[in-house]
Structure formats: structure tokens, C-alpha cells
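The values are calculated or read from the model by the stated rules, or taken from the named source; none is laboratory data. In this text the structure is predicted, and so the values were computed from the model without any measurement. Heads up, the Cβs are rebuilt from the backbone with ideal geometry, glycines too, and the neighbour counts pull from every protein chain shown. Please note that ligands, DNA and RNA were not included when accessible areas were found on the heavy atoms of the full protein model with its side chains. Shrake-Rupley method; radii C 1.70, N 1.55, O 1.52, S 1.80 Å.
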Amino acid sequence: MAEPQIDEIARYGRWLKRSVGTTFRIGVGNTAGELLWADGNDAAPLARALATCIALPHDGSEGMRRQEADGATAYTCPVKLPAGAGDGWLLALPDRETPPTGIELNDLAETMGDVATTLADGSRLNAEMDVLATELAERYEELHLFYDIDRHLAKKDLGTEVLQDLLRTCAEQLNADVACFVRPAENITVSATNLSKPIHNLDLVLVEMRGDLFRFVSSSRSSVVINGMDDSRRAYIFTDMPYKVLACPVFQGLDMPAMLTLLNHADKPDFSNSDRRLGEVMAHQISNVMHMGEMFAQMRRFTEQMAAALIEAVEAKDPYTRGHSERVHLFSLRLGQALRLRNEELENLHWGSLLHDVGKIGIPDAVLCKPGRLTADEFTFIKVHPERSYEILRHVDRLKGAIDGARHHQEKFDGSGYPHGLRGNDIPLLARIIAVADTYDSITSSRAYRAGSTHEAAVKEMQRVRGTQLDPELLDIFLGLCEDDPALLAKLGIRRETGDL
């Protein structure tokens, strides 16, 4: 028995001894016949009394009782030993030849009862503390899981990558070999592993989840736990798969389009009620991710439709510019990707390049569509369009990160551009990217007053304004992209002087 348990048992024995004085010798033993504590040097009589106590039948009653042990009288009382040591006995042997008086026996019975009650209370409190400690451990796991979920949901991109991170967190927190999300109607399976040992047929296992297991959970609309290999449900759910299973439905309103499944090898501990609760928490959060993802998709579709309407309005004023915004957008994103811009910057470049000319809505048709050279006043009208783009886009929160790209794409690297005459790196990076793409498409596209130039002519002209109009570093990267992807130029109908590269 552990030393702390012995010390605590001895403390209660000493308490009983002090209470009864020299009238009795005191001992404490367990139901296995071990004398755990005894006062005095000669413990043999107490050990014999304990052996007799164990041998005699007990009716389960509490309190002190009298019994004979090898011709000697002993008094015993059943107790709950401390610190989870199990059941035991308090023992008292008269320590003098004259029998104890009635008063002394009453005091002994009362003291034994007090000690037994205190030990029982302590045992109950220890059991409650164990339960509380288990509950706290489970709540800690839940809080830790909530923290990780919140950390993942704080990301702006709620796509497959975030879902996979959530599944990885789930597998780690619940010590599961596999955490898998399935949405059969859309043929979606996303999984993460935390393998205790290999699963060689993992692809087959993931496919199997989308079959009868999903249908069973969908029909029951509740979580399913299958631990035992002899579980009767294995005959028609997860047939021939020797894994422990926890499957939780993922709801969207009243529908159940998806399911979260956790798998463990058969030699790992069973999935518990706590695991089931945590799995359901994760399934609920995945449902939130799906809902938010759908909301973002709806917002994005709305933004794209509004952007398309604005672009259509601009290009309706001048048929010769049709497709210009999309081509500038395509070239800009290729350049942004080559620069390894962050996702947020690419998103801003996406909208800024698409909508860079939206301010032309406010330019009179007579100026915008004029086939000949513009007068100074007419060119002044043209120079207004970047500021008009800013005035239109600044009211849309979703597009605020794209504003600088649209507003400053007509600035020149040497500071001679408009609307603000910014110079060099003071020009926002996105605007410098759009400027390169815009210049290339303006040269290679046809207008009312001229045909589009060849790629080689555009390269020559852009090299001429290198460092004055265009950022030289970005220009080099862009021209390198064009050389590396001649199929893109052919797809866009850009003419070549010497044929395909």
C-alpha cells in the first residue's frame, strides 16, 4: 500500500487511541487480512482479532460489535479506508484484565462511530473530487478544443485548408487515428491523421465512410459509437473494418448533408461519452464553418456580379475596350502570383485590376470614344477617371483593400503621372502591377483609331518607358512571364511578328 495511505490510516488510528486512552489497544486492518496500523509493539493479538473478524459472517450493519478471538474479547467496527484503500475494520482489544465498564464501552462505540463516519465522509469526498477532477479534465479538453477552433475560424479563408486544420486539431485532442469529414452528395472527403500505427487501406476506409455508415447516421440523426468488435451493427455498418468508430452528424438547419467520423485501431481505448460530446462540439463547429463558407460564397458571387455589371457599364460606352478589364485582371494576377503575394493581397489585386477603369463611367462618350487625338481639355477629362474609380469603390467595404490599385494605376514611376504624382515605391505595389498589365493590353488591343500592336512592339515600347512610366523590376518579371507562356498570348489573340516562340 502507498506510503501516503498508510500515514493517513495511522492518523485515524492515533485519533481513536487518544480518545479511548489506555483502556484499549487499537488497530486498523483491511478486508484482505492486513493489519495496517497498531499501537504498541506486540501486534499479534490485534492481527488474530482481525483474522477472526474477517472469518465471521457480517450482516452489513454499521457500528461497533463484540466478538471472541482465541478466547479474548475484541470490539470491531467496519470502515471505509481513506485514499481509495477499500473496506476495512477498526479494532479494539481491552488492555487490562478487568473488563471495561459500560461507560467505557459506550465511549469506545461512540468514538469508533465518529471515526467510521469521518472516514466514510472522507472517502465520499475523495470520490467526488475524483469525479470533479475527471470533469475538469474533460472541460479542459473542451476549452482547449474551443480555443483551437476559434483560432482556425479567425482565418479569412474558410476553405478546405481550414477544415483540414480543424480535423487535425480534432484528431490530436481526442487522440484519434483518423478524423474525417464526408459530404457524399458533393463527393467531398477531407481527412486528417494522427496514426498510432499505419492504416494500409486508408483510402478504402474513407470511401466506406460515405456508404452505409453515413446512411445509418443520416437515418438516426444522432451520433453513433461502435467500440466492440462483436457489435451487432458491424454486420451492416462499416463491414469488415476492424476499427472503433465515432460518427457525428453535421446539420445544416434540418438537413444532414455531412458527417464527422473518428476512427481508432481496435487496441486503443474505447470512445467515451466525453469523446462523443467533443465530437458533437466539433461537428457543430464544422457546421458553422460550412454556413460561413456559404455566406462568403454568396457575398463573393454578389460582389462578382456587381463588378461584372460595372465593367459591362464601362465597356458598353466603348465597344473597342471590351475585354480590356478581364485581360488586365488576368495579367495582373499572373504577375502577383509570380511575386508570391499573400492571399489577402492577391484578393485586393483581383478586384483592383478588374475595376481599375470603373471611373470611366463618368467620362463623356464624346471624349471616351473619340477616334482621333484628344485635346488638352479632353485629356483632362480622361485624367479624372482614377479619382472617379476611388469615389465609386470607397463606399464598398469589401473593396477597400482594392482602392489604391485602381486609384493610382496611372501614376508613373518617375512621378509624372496622375492623379497625385506619386513616385517610385511611393506608388502602391498593386497600382504598379496594374500599370504594367494595363500598358501591355493598351498597346496590344485594337482601338477605334488604330489596330493593336504585336507583342514584340509592345515589349519595345514598354522597355522605352522602363523606369520612367513603369517599375523596371516588375516589367522584367512580367516580360519573363510572357516569354515563358506563349500559349497565353495566343489564347488572348495577341499578334506576334515572328510566329509562336
(request) Set the Förster distance to 22 Å, then compute FRET efficiency between R221 and M292 from the Cβ-Cβ distance, nearest 0.05. (result) 0.45
(request) Rounding to the nearest 20 debye, state how big the charge dipole of the chain is about its Cα centre with +1 on each Lys and Arg Cβ and -1 on each Asp and Glu Cβ. (result) 2100
(message) With a cut-off of 8 Å between alpha carbons and a minimum separation of six or more residues, what is the relative contact order of the chain in percent?
(response) 7
(request) Counting only heavy atoms of the protein chains, get the accessible area per residue of segment 204-339 (1.4 Å probe) and round it to a whole Å² value. (result) 47
(request) Using a 1.4 Å probe and counting only protein heavy atoms, arrange V396, V28 so the residue with the most accessible area comes first. (result) V396, V28
(message) Before I look further, what does segment 1-131 give for accessible area per residue, probe 1.4 Å, in whole square angstrom?
(response) 54
(message) Keeping all protein chains in the complex and leaving out DNA, RNA and ligands, what accessible area do you get for H324 with a 1.4 Å probe, in Å² to the nearest 10?
(response) 10
(request) Whenever you get a sec, line up T239, T23 from highest to lowest accessible area (probe 1.4 Å, protein heavy atoms). (result) T239, T23
(message) Please enumerate, by chain and number, the aspartates and glutamates with C-alpha under 16 Å from the C-alpha of K17, excluding those fewer than 8 residues away in the same chain.
(response) D7, E8, D39, D42, D95, E104, D107, E110, D114
(request) On a C-alpha basis, how far is the centre of segment 18-39 from the centre of segment 186-252 in Å? Whole number, if you could? (result) 57
(request) Convert each backbone phi in segment 93-109 into a coupling constant with the Karplus relation 6.51 cos²θ - 1.76 cosθ + 1.60 (shift: θ = phi - 60°), then list the ³J(HN,Hα) values in order as whole Hz, x for Gly and Pro. (result) 10, x, 9, 7, 6, 6, x, x, 6, x, 5, 5, 5, 4, 4, 4, 4
(request) Report in % the part of the accessible area of the chain that belongs to carbon and sulfur, leaving out ligands and nucleic acids; probe 1.4 Å. (result) 52
(message) So for segment 194-334, averaging the separation of alpha carbon pairs under 8 Å that are six or more residues apart and normalising by length, what relative contact order in percent results?
(response) 17
(message) With angles folded into 0 to 90 degrees, how steeply does helix 472-484 sit against the dominant principal axis of the chain? Use alpha carbons for both and round to 10.
(response) 90
(request) Keeping all protein chains in position, work out how much accessible area S416 exposes to a 1.4 Å probe, and write it in Å² to the nearest 10. (result) 70
(request) Please say if the chain is rounded, prolate or oblate, where rounded means a/c under 1.5 for a ≥ b ≥ c the square roots of the C-alpha gyration tensor eigenvalues, and otherwise the choice is prolate for a/b larger than b/c and oblate otherwise? (result) prolate
(request) Round to the nearest 10 and report in Å² the accessible area of M295, as given by a 1.4 Å probe over the protein chains' heavy atoms. (result) 90
(request) Starting from the Cα of K268, draw a straight line to each of the aspartates and glutamates and keep only those under 15 Å, dropping any in the same chain fewer than 8 residues away. (result) E172, D177
(message) To test your reading of the geometry: what angle, between 0 and 90 degrees and rounded to tens, separates the Cα axis of helix 44-55 from the longest principal axis of the chain?
(response) 70
(request) May I ask you to derive the relative contact order of segment 31-116, considering only C-alpha pairs under 8 Å and at least 6 residues apart, and to give it as an integer percent? (result) 24
